[in-house]
1. Tell me which residues, restricted to segment 259-273, are part of a strand (DSSP E or B), farther than 11 Å from PRO351 by Cβ and open to solvent by 10 Å² or more (accessible area, probe 1.4 Å).
2. Just to verify a result, which residue in segment 135-153, among those that are charged (D, E, K, R) and either in a strand (DSSP E or B) or crowded, with 17+ Cβ neighbours inside 10 Å (or both), is modelled with the highest pLDDT?
3. With the condition kept exactly as written, say whether any residue in segment 220-227 is of a type in the set (S, T, N, Q), at pLDDT 95 or above, crowded, with 23+ Cβ neighbours inside 10 Å and outside any strand (DSSP E or B).
4. Kindly list, by first and then second residue, each pair from a residue in segment 113-125 that is farther than 12 Å from ALA148 by Cα to a residue that is among the charged types (D, E, K, R) and surrounded by 21 or more Cβ atoms within 10 Å (Cβ to Cβ), limited to pairs with Cβ atoms under 6 Å and residues at least 6 apart or on different chains.
5. So which pairs qualify, if the first residue must be in segment 65-79 and under 12 Å from ALA103 (Cβ atoms), the second must be modelled with pLDDT under 65, the Cβ gap must be under 7 Å, and the two must be at least 6 apart or on different chains?
6. Check off (1) at pLDDT below 95; (2) under 17 Å from SER162 (Cβ atoms); (3) touching a strand residue (DSSP E or B) at 6+ places or on another chain (Cβ under 8 Å); (4) surrounded by fewer than 17 Cβ atoms within 10 Å (Cβ to Cβ) for THR232 and give me the number that stays unchecked.
7. Among the charged types (D, E, K, R) and closer than 19 Å to ALA110 by Cα: does that describe ARG337?
Amino acid sequence: MPSAVSPSRRSFLRTTALGLASLPLVLEACTTESTKQGTYTNPVYPHSFPDPFVLQHEGMYYAFGTTGQGRTSPDNRIFTVLSSPNLVDWKPAGGALVPPPGAEGADFWAPEVVFHEGTFYMYYSMGGGAIAATVGHRLHVATSKSPAGPYEMAALLDVPESKFTIDAHPFRDTDGQWYLFYARDFIDTDNGYLPGTGLAVDKLVGMTRLAGESRTVMRARHPWTVFEKNRTMPLYDNRTFAEWHTLEGPFLRRHEGKYYCFYSGANFLTDRYGVDYCVADSILGPYSDAGAENGARVLHQVPGKVRGPGHHSHTMGPDGKTEFLVYHAWDKGMKERQLCIDRLDWTAQGPRAVGPTYTPQPRP
């Protein structure tokens, strides 16, 4: 969700996102078109659920979403958790993360969870509050023995060269090595790239430590990814950038021997925001975004119908064959970002979402 990845962008989230604290303790499955036999209609969860990540474990789906500044569930945990047997019918499953000591007033964003050797690892970012060393965000990891939690903070995954680091995405390669993809700020214009938030990757050591061998995956170089013009950044000595660009929410997918790093680009409040990708022959790159010059190709707005689709994750449907994108999109009043799903097709032109849809679709 991010975020044009900036405090100002996230400040909007703080005032608009609804945490579980504002929802009833028990909600029935959505009573919309999505419950009609044979079809679903987006949103599949018509409540605030930014930055959705879905974990499939032992026949159930668990969705994790950002809840906003200071928001906790009725069990006093951070991050909204939902469960579903089918990707369509979602019910609240409490909160995920036990608030770390001294984290009062902090923001917690974009959780992602993986299961490894009997333990669930949740990667997320935190910024602000007494526990944070800077006003920018930093990456953390928490652990649990249950998919829905409770998770307890285990380690800081610091990236010393970046003052603002968010949207952690863990990925295990075919050789068993784990990597962490994430979004971070770049303020230079080296090699023709544009200042702003871009994508990077590093190896994970034992799931709770970065190797310190960060590699750049992709930086902004196209006009459509601009987040804001004439942007003054407090993190960088109040320097004003003529244009600040954003690539965020990385998600890696290995397909037919190639590595596709999907991401969301542009300002999440605009009609330019959507999902695109870059591709490489090796997990560490180099990655190419050839074809991304004119806008998001995988998932983008539908004028008058769908705005701001993005910050997604991938999952397989209950049939184990059909691939879905799980993403957020704004409600009609642009007051909250809601949970949506659509199929992903691998076409001759590259990966493309069958959507975003807003009419009844075949259920997974």
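1. Once the filter is applied, which keeps residues that are part of a strand (DSSP E or B), farther than 11 Å from PRO351 by Cβ and open to solvent by 10 Å² or more (accessible area, probe 1.4 Å), segment 259-273 yields only TYR259.
2. Here is the first cut: in segment 135-153, the residues charged (D, E, K, R) are 138, 145, 152.
Those still in the list that are either in a strand (DSSP E or B) or crowded, with 17+ Cβ neighbours inside 10 Å (or both) too: 138, 152.
Details: ARG138: 94, GLU152: 97.
Selected residue: GLU152.
3. As a first pass, look at segment 220-227 and keep what is of a type in the set (S, T, N, Q): 225.
Now drop any that are not at pLDDT 95 or above, which leaves 225.
From the residues that got through so far, the ones that are crowded, with 23+ Cβ neighbours inside 10 Å too are 225.
Filter again for outside any strand (DSSP E or B), leaving 225.
Within segment 220-227, one or more residues are of a type in the set (S, T, N, Q), at pLDDT 95 or above, crowded, with 23+ Cβ neighbours inside 10 Å and outside any strand (DSSP E or B).
4. Correct list of pairs: TYR123/GLU112.
5. Pairs that qualify, where the first residue is under 12 Å from ALA103 (Cβ atoms) and the partner is modelled with pLDDT under 65, are GLN69/ARG14; THR72/GLY19; THR72/ALA21; ILE78/THR72.
6. Exception for THR232: condition (2).
7. Values: among the charged types (D, E, K, R): yes; closer than 19 Å to ALA110 by Cα: yes.
Considered against the rule, which asks whether it is among the charged types (D, E, K, R) and closer than 19 Å to ALA110 by Cα, ARG337 comes out as yes.
Yes/no per residue for (1) open to solvent by less than 20 Å² (accessible area, probe 1.4 Å); (2) touching a Phe, Trp or Tyr at 6+ places or on another chain (Cβ under 7 Å); (3) at pLDDT below 95; (4) in a loop (DSSP other than H, G, I, E, B):
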position: SER83; (1), (2), (3), (4): no, yes, no, no
position: ALA96; (1), (2), (3), (4): yes, yes, no, no
position: GLY105; (1), (2), (3), (4): no, no, yes, yes
position: TYR123; (1), (2), (3), (4): yes, no, no, no
position: MET126; (1), (2), (3), (4): yes, yes, yes, no
position: GLY129; (1), (2), (3), (4): no, no, yes, yes
position: ALA133; (1), (2), (3), (4): no, no, yes, yes
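The values are calculated or read from the model by the stated rules, or taken from the named source; none is laboratory data. Everything quoted here is computed from the prediction, not taken from an experiment. Neighbour counts run over all protein chains shown; Cβ positions are idealised from the backbone, glycine included. Ligands, DNA and RNA are stripped out before the accessible areas are found, and what is left, the full protein with its side chains, is counted by its heavy atoms. Shrake-Rupley method; radii C 1.70, N 1.55, O 1.52, S 1.80 Å.
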